[in-house]
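Engineer: One structure, pasted below without further comment.
The values are calculated or read from the model by the stated rules, or taken from the named source; none is laboratory data. Since the model is a prediction, treat every value here as computed from it, not as a measurement. Heads up, the Cβs are rebuilt from the backbone with ideal geometry, glycines too, and the neighbour counts pull from every protein chain shown. Accessible surface areas use protein heavy atoms only, side chains included; no ligands, DNA or RNA. Shrake-Rupley method; radii C 1.70, N 1.55, O 1.52, S 1.80 Å.
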Amino acid sequence: MRQYFILFIFGIILAFSSCRTDFDTVASSGDLKFSRDTVYLDTVFKNIGSSTYQLKVYNQSKNDISIPTVQFKKGLNSKYRMTVDGMSGTNGKIFKDVTLLAKDSLYIFIETTADITDADPTDFLYTDEIQFDSGANLQEVALVTLIQDAVFLYPNQNADGTKEKIKIDGKDVDGFYLSENDAVNGNELIFNNQKPYVIYGYAGVTEDKTVTFEAGARVHFHANSGLYVGRNASLQINGTASKTDKLENEVVFEGDRLESLYSNIPGQWKSVIFSNGSSNHSINHLTLKNAVIGLDFQNPTNTVEIKNTQLYNCVEYAILAENTHIIAENIVINYAGIASLSCVYGGNYTFTHCTFNNNWSNPSHFAVTLSNSLSGKTPETNALTNATFNNCIIYGSNFNEFNLNKSTNAAFVYQLNNCLLKFGSTTNPDYQFKTDTQHYNQIILNENPNFYNTAQNKFNIDKTSAAFAKGNQAYIVPLDILGVTRTSPPDLGAYQSQDFPK
């Protein structure tokens, strides 16, 4: 019995001693390992918070260690902030006695909000280091952020603390009207390429005014923001062809998050709205992406010209046109939750050498949809006097990418000439692409255009494409969207075929 008692006591002592290392730590010896030696926080606009970036710290030793300090080299003055394993420390800047167990790791999450004046004036980089311990055991991880200056446009704050409003579709929304003589920005109706612009709320264009976007202008919209062109107001986008993938001469509309994570996320901002009665719009070399509705035409007067324009990643529509007269050439569209192009409540449309694609993962999406009616309107139908597609590609990931919503109570005039079209078989008389010569001429049905890379919105084609040399010379636009001379017979779509880089 005495032997069992001694063994029992010895077992308790052994168990207790083996667990002591869970509570005892040794000082860090400067042998920490890191998931990276430099954390690059993507470009941010001045005074706009960055995304959160991760650093992982490893203890590869057999001992539980205590790191005396984890802090920024600039201390409490740093424009960075962090959490260490969920702890906020002193103002997110300084942490004391951080425990890291043997063969374990901890997570550090880092953010920044900095002004352009905080950055190095020669390269606009804001830098700091995370310091682990000090003296002989000091280890550092560098932090680098590019701070970009910008012109900020936003609603004023009223005396009662509410924001300035403008009226859109009968509703008051956060917004403001662009001024010709703003005390800070000067003429806000001219967007140039000197600095990017960041818009909060809806920027409105008042009656009889024209907003102009010069070649190379960059416009970034904050969440729930957009551009509103009012009655008798006009929009002119004067981009030109670029020589590189940087689109240096394009006018670009996108969200205000510059991190690569956000480069193709739909719905980061609202829309460009052309109100009922707005007029004289011209769009050339615009790249628009990541909106809810890209271009929203609400029955503007006069003809809208759209040329050499790309629209990507819109939650609902890339182009939504209500009873609009549009003449367009060299348009490329991809990824729209409902339709890449939707022409509703009639109108008059001519699209030449356009690529309408839709790879949105929604079984009810379309690349192109046409309608001469609109629920809630009085009358509910309106004449579609013309919808002509020449030398176009209408394609996508769905079974049918072309949709007609036709009411017999109003005219519905449409024609597709020399187009490549994706559409499954049907007995519906509206979709008899080979026999209905009143509406369809020289249709290439369900053949692969062999786009370069649809996931990256690259719709260039080469000689393997079913669209190669299938166009009609009578409809040719001499230059493609990149400014390349088209051959005869022309290729279908917005791009002249070229050999892809290997």
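Engineer: Give me the Kirkwood hydrodynamic radius of the chain in Å, from all C-alpha pairs, to one decimal place? Walk me through the numbers before you get to the answer.
Structural biologist: Details: mean 1/r = 0.0380 Å⁻¹.
The Cα-based Kirkwood calculation yields 26.3 Å.
Engineer: Moving to a separate point now. So which GluC sites (Glu not before Pro) in the stretch 374-450 are both in a DSSP loop and have at most 14 other Cβ atoms within 10 Å of their Cβ?
Structural biologist: Working: sites: Glu380, Glu401, Glu447; in loops: Glu380, Glu401, Glu447.
Here the sparse-neighbourhood loop sites are Glu380, Glu447.
Engineer: Express as a percent, rounded to the nearest 5, the fraction of DSSP beta bridges in the chain (both residues included) that run antiparallel.
Structural biologist: 30
Engineer: Show the residues, 5+ positions off or on another chain, whose built amide H is closer than 5 Å to the amide H of Ser373.
Structural biologist: Tyr345, Gly346, Asn382
Engineer: Would you mind getting the accessible area per residue of the chain, heavy atoms of the protein chains only, 1.4 Å probe, in Å²? Write out the running numbers ahead of the final one.
Structural biologist: Values: 23460 Å² over 502 residues.
On a per-residue basis, the chain sits at 47 Å².
Engineer: Ok, one more. If the cut-off is a Cα-Cα distance under 16 Å, which aspartates and glutamates reach Lys243, setting aside same-chain residues fewer than 8 apart in sequence?
Structural biologist: Asp480
Engineer: Could you give the angle, 0 to 90 degrees to the nearest 10, between helix 2-19's Cα long axis and the longest principal axis of the Cα atoms of the chain?
Structural biologist: Helix 2-19 sits roughly 50 degrees off the main axis of the chain.
Engineer: Around Asn249, which amide H atoms from residues at least 5 apart in sequence, or from another chain, sit under 5 Å from its own amide H, with H modelled in the peptide plane?
Structural biologist: For Asn249, whose amide H was placed from the backbone, the distant partners under 5 Å are Ser242, Lys243.
Engineer: In addition: Compute the FRET efficiency between Thr117 and Lys96 as 1/(1 + (r/R0)^6), taking r as their Cβ-Cβ distance and R0 = 45 Å, and round to the nearest 0.05.
Structural biologist: Working: r = 31 Å, r/R0 = 0.69.
E between Thr117 and Lys96, to the nearest 0.05, is 0.90.
Engineer: Could you give the size of the charge dipole of the stretch 258-387 about its Cα centre, using +1 on the Cβ of each K and R and -1 on the Cβ of each D and E, expressed in debye and rounded to the nearest 20? Before the final figure, lay out each step's value.
Structural biologist: Numbers: 4 positive and 7 negative charges, 8 e Å.
The dipole magnitude comes to about 40 debye.
Engineer: Run the reach check for Lys56 against aspartates and glutamates, Cα to Cα strictly under 12 Å, same-chain hits fewer than 8 apart removed. What comes back?
Structural biologist: By straight Cα distance, Lys56 reaches Asp37, Asp85, Asp104.
Engineer: If you filter the stretch 328-419 for chymotrypsin sites (Phe, Trp or Tyr not before Pro), then keep DSSP loop positions with at most 12 other Cβ within 10 Å, what is left?
Structural biologist: Numbers: sites: Tyr335, Tyr345, Tyr349, Phe351, Phe356, Trp360, Phe366, Phe389, Tyr395, Phe399, Phe402, Phe412, Tyr414; in loops: Trp360, Phe399, Tyr414.
Those satisfying the criteria are Phe399.
Engineer: Quick check for you: which residues of the stretch 22-64 have the amide N under 13 Å from the point 7 Å beyond the Cα of Leu146 toward its beta carbon?
Structural biologist: Residues 40-45 qualify, since their backbone N sits under 13 Å from the label point.
Engineer: Rounded to the nearest 5, what % of the DSSP beta bridges within the stretch 130-239 are antiparallel ones? Write out the running numbers ahead of the final one.
Structural biologist: Numbers: 9 of 29 bridges.
Of those bridges, close to 30 percent are antiparallel.
Engineer: If packing is taken as the average count of other Cβ atoms within 10 Å, what order do 404-411, 77-84 fall into, highest mean first?
Structural biologist: On the way: 404-411: 14.6, 77-84: 19.6.
Put in order of decreasing packing, that is 77-84, 404-411.
Engineer: So between Leu76 and Gln473, what do we pick up on full extension, going 0.36 nm a residue minus the alpha carbon distance?
Structural biologist: Values: separation 397, 0.36 × 397 = 142.92 nm, distance 6.82 nm.
My answer for the length gained is 136.1 nm.
Engineer: Describe numerically, in nm with one decimal, the distance between label points set 7 Å from Cα along Cα→Cβ at Thr303 and at Ser488.
Structural biologist: 2.4
Engineer: What is the stretch 179-327's relative contact order, in percent, from Cα pairs under 8 angstrom and six or more apart in sequence? List each step's numbers first, then the result.
Structural biologist: Details: 433 pairs, mean separation 27.8, N = 149.
19 percent.
Engineer: Taking the radius of gyration and the Kirkwood hydrodynamic radius from Cα positions alone, what is the Rg/Rh ratio for the stretch 41-183, to two decimal places?
Structural biologist: On the way: Rg = 21.0 Å, Rh = 18.1 Å.
A ratio of 1.16.
Engineer: In the stretch 152-211, which GluC sites (Glu not before Pro) are in a loop and have at most 15 other Cβ atoms within 10 Å, using DSSP for the loop call?
Structural biologist: Those satisfying the criteria are Glu164, Glu180, Glu207.
Engineer: Same structure, new question: Straight-line reach only, C-alpha to C-alpha below 18 angstrom: list the lysines that Lys406 could link to, leaving out same-chain residues fewer than 8 apart.
Structural biologist: Answer for Lys406, where 18 Å is the Cα cut-off: Lys377, listed by chain and number.
Engineer: Would you mind calculating the gained length between Thr426 and Lys243 on full extension (0.36 nm times residue separation, minus the Cα-Cα distance), in nm to one decimal? Working shown, then result.
Structural biologist: On the way: separation 183, 0.36 × 183 = 65.88 nm, distance 4.40 nm.
Between Thr426 and Lys243, full extension yields 61.5 nm more.
Engineer: Now for a different question. Probe radius 1.4 Å, ligands and nucleic acids ignored: give me the carbon and sulfur share of the accessible area of the chain as a rounded percent. Mind dumping the intermediate values first?
Structural biologist: Values: 11580 of 23460 Å².
Within the chain, the accessible surface is 49 percent carbon and sulfur.
Engineer: While we're looking at this one, here's another question. Mind listing the phi-derived Karplus ³J(HN,Hα) values for the stretch 235-248, rounded to whole Hz, using 6.51, -1.76 and 1.60 with θ = phi - 60°, and x for any glycine or proline?
Structural biologist: 10, 10, 10, 10, x, 9, 5, 9, 9, 10, 5, 6, 6, 4
Engineer: So between Lys163 and Gln438, what do we pick up on full extension, going 0.36 nm a residue minus the alpha carbon distance? Walk me through the numbers before you get to the answer.
Structural biologist: Numbers: separation 275, 0.36 × 275 = 99.00 nm, distance 5.46 nm.
Gain on extension, Lys163 to Gln438, equals 93.5 nm.
Engineer: Just to verify a number: what accessible area does Asp118 come out at with the full protein assembly present, 1.4 Å probe, Å² rounded to tens?
Structural biologist: 50
Engineer: So, in the stretch 62-128, how many Lys pairs have Cα atoms under 23 Å apart, if the pair is 8 or more places apart or on different chains?
Structural biologist: On the way: Lys62/Lys96; Lys62/Lys103; Lys73/Lys93; Lys73/Lys96; Lys74/Lys93; Lys74/Lys96; Lys79/Lys93; Lys79/Lys96.
Close lysine pairs under the 23 Å cut-off: 8.
Engineer: What residues have an amide H closer than 5 Å to that of Ile283, excluding those fewer than 5 places away on the same chain, when H is modeled at 1.01 Å from N in the peptide plane?
Structural biologist: Ile237, Glu305, Ile306, Lys307
Engineer: Which whole-number percent gives the relative contact order of the stretch 259-386, counting Cα pairs below 8 Å spaced six or more residues apart? Working shown, then result.
Structural biologist: Values: 374 pairs, mean separation 24.0, N = 128.
19 percent.
Engineer: Return a whole-number percent for the relative contact order of the chain, with Cα pairs under 8 Å and 6 or more residues apart as the contact set. Intermediate results must be reported in sequence, preceding the final value.
Structural biologist: Values: 1399 pairs, mean separation 36.0, N = 502.
Once divided by the residue count of the chain, the mean separation gives 7 percent.
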